[in-house]
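Values quoted throughout were computed directly from the atomic coordinates according to the rules given, and no laboratory measurement underlies them. Here the structure is a predicted model, which means the values were calculated and not measured. Methodologically, a virtual Cβ is constructed for each residue, glycine included, from the backbone with ideal geometry; neighbour enumeration extends over all protein chains shown.
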Amino acid sequence: QVQLVESGGGLVQAGGSLRLSCAASGSGFRINAMAWYRQAPGKQREMASAITSGGSTTYADSVKCRFTISRDNAKITVYLQMNSLKPEDTAVYYCNADATIVMSLTRRTHWGQGTQVTVSS
């Protein structure tokens, strides 16, 4: 079983920065890609950024050049550095991990509990 625990959300003024962290724990698994999704009130959950196990990254157009995703494979942790935040970045941010269970080679997607990011104007 894989657990994902996010931290780093909060309230920030427009133009400010926040850094989100998501640590994976458990045993008997290998983490493949990791990603950050976000869901604003009344809207569908969308991917903000993703990173493969090899370090290749993907960003939604709305966050390009402002957000940076990174990972520490030794700590099984993914980070999202968010700069130049805008009110429209306000959302619950969810960590997502694609994991392979080593014993069965089964791949499953896991989600964190979410962390609130609020950007005031």
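Observations on the structure shown:
- Scanning the chain for cysteines with no neighbouring cysteine C-beta under 4.7 angstrom from their C-beta gives Cys65.
- In sequence order, the stretch 7-15 has phi-based couplings of 8, x, x, x, 9, 9, 7, 3, x Hz under the Karplus curve 6.51 cos²θ - 1.76 cosθ + 1.60, θ = phi - 60°, and Gly or Pro positions carry x.
- Among 62-72, 7-17, the peptide with the highest mean count of other Cβ atoms within 10 Å heads the list, and the full ranking is 62-72, 7-17.
- Packing-based order for 81-92, 46-57, using average beta carbon neighbours within 10 Å, highest first: 81-92, 46-57
- Projecting the Cα positions of Met103, Ala33, Thr118 onto the charge dipole of the chain (unit charges on Cβ atoms of Lys, Arg, Asp and Glu, taken about the Cα centre) puts Met103 furthest along the positive direction.
- Normalised alpha carbon radius of gyration of the chain [divisor 2.2 N^0.38 Å]: 1.05
- The chain, dipole about Cα centre (Lys/Arg Cβ +1, Asp/Glu Cβ -1), debye to the nearest 20: 140
- Straight-line cross-link partners of Lys64 among the aspartates and glutamates, defined as a Cα under 13 Å from its Cα and at least 8 positions apart when in the same chain: Asp89.
- Fraction of the pair-distance distribution of the stretch 17-66 above 17 Å, Cα-Cα pairs, percent: 47
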